[in-house]
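Take a look at this one; I'll ask things after.
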Amino acid sequence: MFKAISDPTRRVLVEELAERDGQTLFELCVRLISRHGLDVSRQAVAKHLDVLEAAGLVHVRREGRYRLHTLDRAPLRAAWDEWFRPLVQPDDPIKE
Amino acid sequence: MRINLASVFVDDQVKALAFYTEVLGFEKKTDLPAGEARWLTVVSPEDPDGVELVLEPDGHPAVGPFKRALVADGIPYTSFAVSDVAAEHARLAAAGVAFTQPPTAMGPVTTAVFDDTCGNLIQIASLPTD
């Protein structure tokens with residue numbers, strides 16, 4: 001998970017998917033280029049999405065004839081619970 | 001030299017003419033028999049002497065896989081200019097048109113993407129007015 005979000009382009013993809021679930025590859029590419037000025041090819045974005053999918057952060061589903069990408073927040077939540085929160089709030093008991 | 005035609009590959013010219021005129025609001029410009037199909041074009045009522053959109057049959061075997069691959073990735077085949085994307089989205093959604101992308105600010109442009117029911121995705125885009 002940390003390796004997947006170590007790349008700035010992939011972090012932007014996570015942020016854009018957090019804004020709206022169910023996006024096509026095209027929409028994500030346009031968001032990266034027009035909103036973030038990123039100079040990325042469609043092939044590069046597809047590869048980044050593959051990495052995020054392998055890390056469990058993105059799910060791809062077929063809806064009719066479209067392939068839609070959705071953010072799965074569970075790995076982020078787990079990272080917060082298991083790593084960030086015990087560091088940030090050491091006095092809080094760890095949730096089981 | 002000037003550009004006077006653009007085209008979309010449609011799976012059914014009768015259905016396409018109905019969608020592009022009755023739903024989108026374009027007007028039929030040319031309708032001539034051409035073998036098994038027709039030479040069929042529509043224009044915008046805002047620019048009746050402007051660029052014509054050819055509703056072209058997609059019977060060639062290469063076209064189907066090409067269109068399906070574009071649609072799967074959400075890539076619009078072409079883009080039309082509108083003055084207000086949100087208003088067009090509301091109007092078309094009320095008419096039953098399916099959108100893969102609702103109106104979204106993409107830098108200076110607002111865009112949305114809908115399914116033309118003939119095997120294509122189409123983008124609508126508006127530039128800022130000021």
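Got a number for the accessible area of A:TRP80? Probe 1.4 Å, square angstrom, nearest 10.
110 Å²
In square nanometres, what is the average projected area of the Cα convex hull of the protein assembly as shown? Walk me through the numbers before you get to the answer.
Details: hull surface 68.3 nm².
In nm², the orientation-averaged hull projection of the protein assembly as shown is 17.1.
In 10 Å bins starting at zero, report the fraction of Cα pairs in chain B per bin as a rounded %.
12, 42, 36, 9, 1
Would you list B:MET1, A:MET1, B:MET106 from the most to the least accessible area, probe 1.4 Å?
Final ranking, largest accessible area leading: B:MET1, A:MET1, B:MET106.
Does segment B:1-60 come out rounded, prolate or oblate, given a ≥ b ≥ c as the square roots of the eigenvalues of its C-alpha gyration tensor, rounded meaning a/c under 1.5 and, failing that, prolate meaning a/b above b/c?
Here segment B:1-60 falls in the oblate category.
So, one more: Please report, in whole Å, how far the alpha carbons of segment A:11-60 spread along each principal axis, starting with the longest.
Over segment A:11-60, Cα extents along the principal axes are 26, 22, 17 Å.
Which distance in nm do the two modelled labels at A:ALA55 and B:ALA18 give, with both placed 7 Å along the Cα-to-Cβ direction?
Each label point is offset 7 Å from its Cα along the Cβ direction, giving 4.8 nm.
Taking the alpha-carbon set of segment B:68-130, what are its Rg and Dmax in Å?
Radius of gyration, then largest Cα-Cα span, for segment B:68-130: 11.3, 38 Å.
Can you pull the mean other chain C-beta count within 10 Å for peptide A:22-32? Present the calculation step by step, with values, prior to reporting the outcome.
On the way: counts 2, 4, 10, 4, 12, 10, 2, 3, 11, 5, 0.
Across the residues of A:22-32, the mean count of other-chain Cβ atoms within 10 Å is 6.
On to the next question. When only Cα pairs under 8 Å and 6 or more residues apart are kept, what is the percent relative contact order across segment B:68-130? Before the final figure, lay out each step's value.
Details: 104 pairs, mean separation 24.5, N = 63.
About 39 percent, as a whole number.
Here's something else I'd like to know. Hey, what did segment B:14-114 get for relative contact order, percent, Cα under 8 Å, at least 6 apart? Let's see the in-between values first.
Working: 101 pairs, mean separation 15.1, N = 101.
Worked out over segment B:14-114, it gives 15 percent.
Further, regarding this structure: Hey, what angle do you get for helix B:85-94 against the long axis of chain B, alpha-carbon based, 0 to 90 degrees rounded to 10?
Compared with the principal axis, the helix lies near 60 degrees.
On a 0 to 90 degree scale, rounded to 10, what angle separates helix B:63-72 from the longest Cα axis of chain B?
Result, in degrees: 10.
Give me the lysines in straight-line cross-link reach of B:LYS67: C-alpha distance below 26 Å, same-chain residues under 8 apart excluded.
By straight Cα distance, B:LYS67 reaches A:LYS47, B:LYS15, B:LYS28, B:LYS29.
Once every DSSP H run of n ≥ 4 in chain B is given -39500 (n - 2.57) and the sum is divided by its residues, what mean residue ellipticity at 222 nm do you get, rounded to the nearest 500 deg cm²/dmol?
Numbers: 3 runs with 26 residues, N = 130.
That calculation yields -5500 deg cm²/dmol at 222 nm.
In nm, what is the difference between 0.36 nm times the number of residues separating A:SER6 and A:LEU38 and their Cα-Cα distance?
On the way: separation 32, 0.36 × 32 = 11.52 nm, distance 1.65 nm.
Between A:SER6 and A:LEU38, full extension yields an extra 9.9 nm.
Can you tell me how much longer the chain between B:LYS28 and B:SER7 gets when fully stretched, taken as 0.36 nm per residue apart minus their C-alpha distance, in nm with one decimal? All intermediate terms of the calculation are to be shown ahead of the outcome.
Numbers: separation 21, 0.36 × 21 = 7.56 nm, distance 1.38 nm.
So the extension gain works out to 6.2 nm.
A further question follows. Scan chain A and hand back the longest stretch that contains none of the trypsin sites (Lys or Arg not before Pro) lying in DSSP loops with at most 16 other Cβ atoms within 10 Å. Intermediate values should be presented prior to the final figure.
Values: sites that count: A:LYS3, A:ARG20, A:ARG65, A:ARG73, A:LYS95.
Excluding the exposed sites themselves, the longest stretch runs over A:21-64.
Rounded to the nearest 10 degrees, what's the angle between the helix A:25-36 long axis and the longest principal axis of chain A, both from Cα atoms, 0 to 90?
Relative to chain A, helix A:25-36 is tipped by roughly 70 degrees.
What average count of beta carbons from other chains do you get within 10 Å of the Cβ of residues in B:97-105? If you can, show how the numbers build up before the last one.
Details: counts 0, 2, 0, 10, 8, 2, 0, 8, 3.
The mean count of partner-chain Cβ atoms within 10 Å per residue comes to 4.
Taking all pairs of different Cα atoms in segment A:4-88, averaging 1/r and flipping that mean, what Kirkwood radius in angstroms comes out?
Numbers: mean 1/r = 0.0748 Å⁻¹.
Taking every pair of different Cα atoms in segment A:4-88, averaging 1/r and inverting gives 13.4 Å.
The values are calculated or read from the model by the stated rules, or taken from the named source; none is laboratory data. Just so we're clear, the structure is a prediction, and the values are computed from it rather than from any experiment. Every residue, glycine among them, receives a Cβ derived from its backbone with ideal geometry; neighbour counts consider all protein chains shown. The protein model used for the area step is the full one, side chains on, heavy atoms only, and it has no ligands, DNA or RNA in it. Shrake-Rupley method; radii C 1.70, N 1.55, O 1.52, S 1.80 Å.
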